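Written below as structure tokens is the structure these notes are about.
The values are calculated or read from the model by the stated rules, or taken from the named source; none is laboratory data. Just so we're clear, the structure is a prediction, and the values are computed from it rather than from any experiment. Positions of Cβ are backbone-derived with ideal geometry, glycine not excepted, and every protein chain shown enters the neighbour counts.
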Amino acid sequence: MSMPIIRICIAVFLIGGCSSAQRSSEVNAVYVPAEQYTGMSCQQLYSAAEAIRAKTPALASAVDNARKNDKWIEAGGWLLFAPALLFMDGNAEESAALASAKGQLDGIRTAGLRANCQQENESENTKKDPNQASQIDQASAQCADIGFEKGTEKFADCVMRFSEPTD
């Protein structure tokens, strides 16, 4: 009785653990230098970011679909012909495209902070949500107090983390 249970556990472990495919939530941004966006105006930065944000859900969906297909192929491979699994390629191409988009957004965000775009856009923010502009100012002050140098990517990351809404 315990032997079939052990076999089932081993089969589930093998099926679930072999593919190198990642979920979209597991894909990290690649480094994209903010310097390539330094010549852009704030409006151009916002437009570029929106264009990338519009593509990001489709890229995330492609990563998740490729992962799901990989898992189905892997399950079928273990049942039918295990050596064929050695030739699975995962979803590296889709993951790389998503990582690049995330990195581009980080670069644009950093370039926008360096160009003080949030200050130029402050009047629009206060019309929409008066607390948002003060929240960014508070986050900037906190990051400066911690010791981050204004205009660096670390500073931009810090400001973004502190200014994220809490649920």
Notebook entry, point to check: Ser20 is checked against (1) assigned to a helix (DSSP H, G or I); (2) among the small types (Gly, Ala, Ser); (3) at pLDDT below 85 and fails just one. What number does that condition carry?
Noted result: (1)
Next item on the list: Kindly check whether there is at least one residue in region 137-154 that is modelled with pLDDT under 75, of a type outside the set (Gly, Ala, Ser) and assigned to a loop (DSSP other than H, G, I, E, B).
Entry: no
Item checked: Qualifying helices (runs of 4 or more DSSP H) (wholly inside region 66-132; at least 3 residues being modelled with pLDDT of 80 or more and either over 28 Å from Phe155 (Cβ atoms) or not assigned by TED's automatic domain parsing to the domain that holds Lys150 (or both)) -> 92-114
